[in-house]
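The next block holds one structure in the form of structure tokens; read it before the comments.
All of the numbers you see were taken from the coordinates with simple rules; none came from a lab. The model shown is predicted, which means the values in this text are computed figures rather than measured ones. Don't worry about glycine lacking a Cβ; one is built from the backbone with ideal geometry, like all the others, and counts go over all protein chains shown.
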Amino acid sequence: MQKTSNVFARVEPEIKEQAEQVLIQLGIPMSNAIGMFLRQIIAQRGIPFEMRLPTHEPVAISTLTTKQLNAELEKGYTSAIAGRHRNLKDVMTDMERDYGI
């Protein structure tokens, strides 16, 4: 049997629970998943997924002036008219599939 080493990490309880639920469905113990993650860091010589800052910061609607709000609504309207939108049913199906909500 190979030697093992302990890794201690503090995570939010909700995040741990949600991750455990996914791993249970996959049949992968948490310790194996962490080991897989660490092996991928070694293999890829970095974090094994893309990490980027958002292209823009979300803005609370209450902080917008009337002019700014109208400009944002106009952008959405123009985008919808141009056909750059998705059916709500498709969005909800994707959210249920990907996030269980």
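Between THR93 and GLN25, the contour length at 0.36 nm per residue exceeds the Cα-Cα span by 22.5 nm.
Under a Cβ-only charge scheme (Lys and Arg +1, Asp and Glu -1), can you give me the dipole magnitude of the chain about the Cα centre, in debye to the nearest 20?
Numbers: 12 positive and 12 negative charges, 80 e Å.
In debye, rounded to 20, the chain gives about 380.
The modelled label-to-label distance for the pair GLN40/GLU72, using points 7 Å beyond Cα in the direction of Cβ, is 3.3 nm.
Our analysis of the chain gives Rg over Rh at 1.13, with the two radii drawn from alpha carbon positions and Rh computed by the Kirkwood formula. Restriction of the trypsin sites (Lys or Arg not before Pro) in region 18-95 to DSSP coil positions whose beta-carbon has at most 11 other beta-carbons within 10 angstrom yields ARG45, ARG52, ARG84, ARG86. Cross-link reach is defined here as a Cα-Cα straight distance under 27 Å, omitting same-chain residues fewer than 8 places apart; for LYS89 the lysines meeting it are LYS75. How many angstrom lie between the Cα centre of region 1-56 and the Cα centre of region 57-101? So the two Cα centres are separated by 32 Å.
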